[in-house]
1. Does B:Val142 satisfy the criteria of being open to solvent by less than 20 Å² (accessible area, probe 1.4 Å), at pLDDT below 95 and of a type in the set (A, V, I, L, M, F, W, C)?
2. Report yes if C:Ala35 is among the aliphatic types (A, V, I, L, M), within 7 Å of chain A (Cβ to nearest Cβ) and under 11 Å from the mean Cα position of the chain (by Cα), otherwise no.
3. When A:Leu199 is evaluated against the numbered criteria (1) assigned to a loop (DSSP other than H, G, I, E, B); (2) at the interface with chain B (Cβ under 7 Å from one of its Cβ atoms); (3) open to solvent by less than 50 Å² (accessible area, probe 1.4 Å), which criterion, by number, is the only one it fails?
4. Can you say whether B:Leu147 is surrounded by fewer than 22 Cβ atoms within 10 Å (Cβ to Cβ), not acidic (Asp, Glu) and not assigned by TED's automatic domain parsing to the domain that holds B:Pro303, as far as the supplied structure shows?
5. Of everything in region C:14-65, what is more than 22 Å from A:Ile225 (Cβ to Cβ) and acidic (Asp, Glu)? Give them in sequence order.
6. Any idea how many residues of region B:219-251 are away from chain A (no Cβ under 14 Å) and of a type in the set (A, V, I, L, M)?
7. Looking only at region A:167-196, which residues are more than 7 Å from chain B (Cβ to nearest Cβ) and over 29 Å from the mean Cα position of the chain (by Cα)?
8. A:Ala102 - would you say it is surrounded by fewer than 24 Cβ atoms within 10 Å (Cβ to Cβ), among the small types (Gly, Ala, Ser) and either assigned to a helix (DSSP H, G or I) or not assigned by TED's automatic domain parsing to the domain that holds A:Gln47 (or both)?
Amino acid sequence: MSIQYRIIHCLNQFFGGIGGEEQASTPPSLFSGARGPGMLLQKEFPQIEIAATLVFGDNYVAENPEAAIREILGLLTPYCTENRPDLLVAGPAFNAGRYGIACGAICQAVQEELDLPAVTGMYPNNPAVELYRLHTFIARTSDNVMGMADAIGNMIPLGLKLVREEEVWPEKDGYLLQGKRKNIFVRETGAKRAVTMLLARMNGEPFTTEYPMPVFDRAEPAPPIKDMGQARLALVTSGGIVPKGNPDRIEAANAQRFGTYSLKGLQALSAQTHQTAHGGYDPTYANQDPNRVLPLDAVRELEAEGAIGSLHEYYYATVGNATSVENARKYGQQIAKILVADGVQAVILTST
Amino acid sequence: MTLKLAYFEINDIVFGQETIIDGSTLVINRESLENTLKTSDKRISAIGLHTAMPGDSTRILCVKDVIEPRCKIKGTELGVGNTHILKNVAVVTCGKIVGFQEGIIDMSGPGAAHTPFSATLNVVLDIQVVPGLSPHEHEEVVRLTGLTAATLLAQTSTNKNPTRVETYPPIDPAAVPSSLPRIAYVYMLLSQGLLHDTYVLEENAKQGLPRILEHTLLLDGAIISGNCVSACDKNTTYHHQNNPVLRELLREHHKRLSLVGVVLTNEPISLDAKKKSAQQSVELVQTLKADGAIMSKEGFGNPDTDQMLLIRGLEEAGIPTVALTDEFAGANGCSQSLADSTPQAIAMVSVGNANERILLSPLEQLLGPISDLTKLAGAYPHSLHDDGSMEVELQAIIGATNELGWQTLRCREV
Amino acid sequence: MVKEIERSGIPVVHACSIVPISLTVGGNRIVPTIAIPHPFGRPDKSIAEEKALRRQLVEKALHALQTPIEKQTVFE
């Protein structure tokens, strides 16, 4: 089959073959031809040629998306003026949050700035989905690299439909709901559907509302502390800072527990006493100096100066990497209960 | 106390020497009917009568109301006795009243699918009024002239045999089978004065609601639209005469449910009044001993609050409710659809996003006052293209997102 | 986690690198930090400079905890 479509592929440092977490801060660069999963993509879809692959460190983009996107657009713009590609494909990012953010931000930017169709692929629970689904098409993927072939098989046909400006639907074309409302003619009138829905409700049968009420899952802001100099403060982190050796064996991803650890007598954390259990970022800096994630040294200083009434004796830690919303909620509720019982009045929660 | 609706199927309208039914053709003496209507109200300065048939390359503009031709036979009391109906015929009144919220009916092209009145044989009345009339009087002239025309046309059937007859006995809520769910219909009417009016039994619905009204009165045309609001979700008189929710409930009556009554409620202008109305409506539904409720709506914006108050009230009273609404989610479908919400509204039927745009193809004939084309709600200054095509929001089309659930359009998440 | 603690009536300041995620998960008082692998650190600076930066961020967090807010607020 002859080449019909030329695409640009975007990959993070890992899939782009540059390196692991230690390369997560690598600035973007453009390589010609396919790399990593791009090889599989070209093999599965012989009508496609990957003209170039953009590789970026995912922290580099996720930490400062605006500047990184400017940089990426700068790399892609000359490329898109001559011999313009048909489509940009980013990822798939599976359940990787920072990679997902980078893919979403790139897709949104090339659509809006370069008028280039774009598609990415993610696991539905990837936090980037909520941020970017409205702005780009996100094909449904599994949560890890084992699902690469299926992910590509979802992303590419969807992307090509976008190139050809064909109508797409989430179920048929395997993409995640964007949260947009769209009209469609159906077989039955609204009145008939309403009676059918009511009868289902009355008979205890399942029914699906056609307009789910918008959910604002927001907590009412708690009143401020009048004087921190009189208040009891606790530290909580999702950055995975645990005593050296990770005594509770908190998982590096999708944590199944949180830990409660004493700060009694500690003036600061150190590489000798603490480490990170988090598997989602390069642990070098946190392991060198865990205060970089849980700033105990600065808190103790401010406590000694009277800016903080007192620091609660324990801190609470889990790993926020790919942790389900349900688990996070559960840990939050359990920690809150303890904090209330212990008379804690304010919390600093740190996340990576 | 039974109502009989006698239908006379009409397949064509032609102009001729006298106004009669000839077989299944409605013949209209155009000049005579125009004159009769013009002399019926001295506030009319000119009247133009046209026809618009399904498939015609015709666009009707500034549509104010649509009315099904009906007349009472043998006895004048509404809700009982015989009513003659010219099936498939609609009187379409046009008038530039408020200048921006009258609607469009396209008889062919992409717009036709979005209005029920592309499928009816339309008698279009372009009504001009004498200078100096207030908008309120102007609205009244157009409304009454349309009703007069509808009655005169229906009276051609007086000595004819109907194609079919539907019989509607009264419903005794106490005598319904105990095994079926008892369902009440909560029927919201826009009733805010200032050209946002609905008439129930010839009274302005600003007063006297909420109340329970017999279904036979509703089927017999107890509700007349006097609304000058957005075309897509104002319930025209034709919609009220043929209320699809009521029809569906009656179709299932004594089969899968029992209709125990209809509660008419209003959409008043202050929050206090809205709360009071909602509470009274819930109490009325409770007096009917309803197990469940179905709710239709008119308009958007502040009526969203009425609807949410009603849903919350009913659900909290233990009455599961299904409610119809349209959406205003922006042209791209990304905005919040409704102005209000409540977690209890778990069973909504969405009849479409009225902000979605549609490109109406150029049509040969334009009926109605056309000078203010670009000022219709849902149109834009650049709506009208050089080739005669028009890009508008569905909002501009009569009945496009009818909240009685007439259309088969729905809105979904993508 | 941040919402659940806030719901117990204890004000929480969420110090994090990716503010949009905090806004999505429902943080109310948000203090943007430096980078994902080192929210409270700048490994390229001297230890003293880094410590001073960290202290500034904690002070900002304390300030946020003492500030009345009505909706999600980012303390830049």
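The values are calculated or read from the model by the stated rules, or taken from the named source; none is laboratory data. Keep in mind that what you see is a predicted model, and the values were worked out from it rather than measured. Heads up, the Cβs are rebuilt from the backbone with ideal geometry, glycines too, and the neighbour counts pull from every protein chain shown. SASA here: full protein model, heavy atoms, side chains in, ligands and nucleic acids out. Shrake-Rupley method; radii C 1.70, N 1.55, O 1.52, S 1.80 Å.
1. On the way: open to solvent by less than 20 Å² (accessible area, probe 1.4 Å): yes; at pLDDT below 95: yes; of a type in the set (A, V, I, L, M, F, W, C): yes.
Taking the combined requirement at face value, the residue satisfies it.
2. Details: among the aliphatic types (A, V, I, L, M): yes; within 7 Å of chain A (Cβ to nearest Cβ): yes; under 11 Å from the mean Cα position of the chain (by Cα): no.
So C:Ala35 does not fit the description; no.
3. (1)
4. yes
5. Passing the criteria: C:Asp44, C:Glu49, C:Glu50.
6. The first filter runs over region B:219-251 and keeps only residues away from chain A (no Cβ under 14 Å), leaving B:219-231, B:234, B:236-238, B:241.
Applying the additional criterion that residues be of a type in the set (A, V, I, L, M) yields B:219, B:222-224, B:229, B:231.
So the count comes out to 6.
7. As a first pass, look at region A:167-196 and keep what is more than 7 Å from chain B (Cβ to nearest Cβ): A:167-168, A:171-176, A:196.
Of everything in region A:167-196, just one residue is more than 7 Å from chain B (Cβ to nearest Cβ) and over 29 Å from the mean Cα position of the chain (by Cα), namely A:Thr196.
8. Working: surrounded by fewer than 24 Cβ atoms within 10 Å (Cβ to Cβ): no; among the small types (Gly, Ala, Ser): yes; either assigned to a helix (DSSP H, G or I) or not assigned by TED's automatic domain parsing to the domain that holds A:Gln47 (or both): yes.
No, not satisfied.
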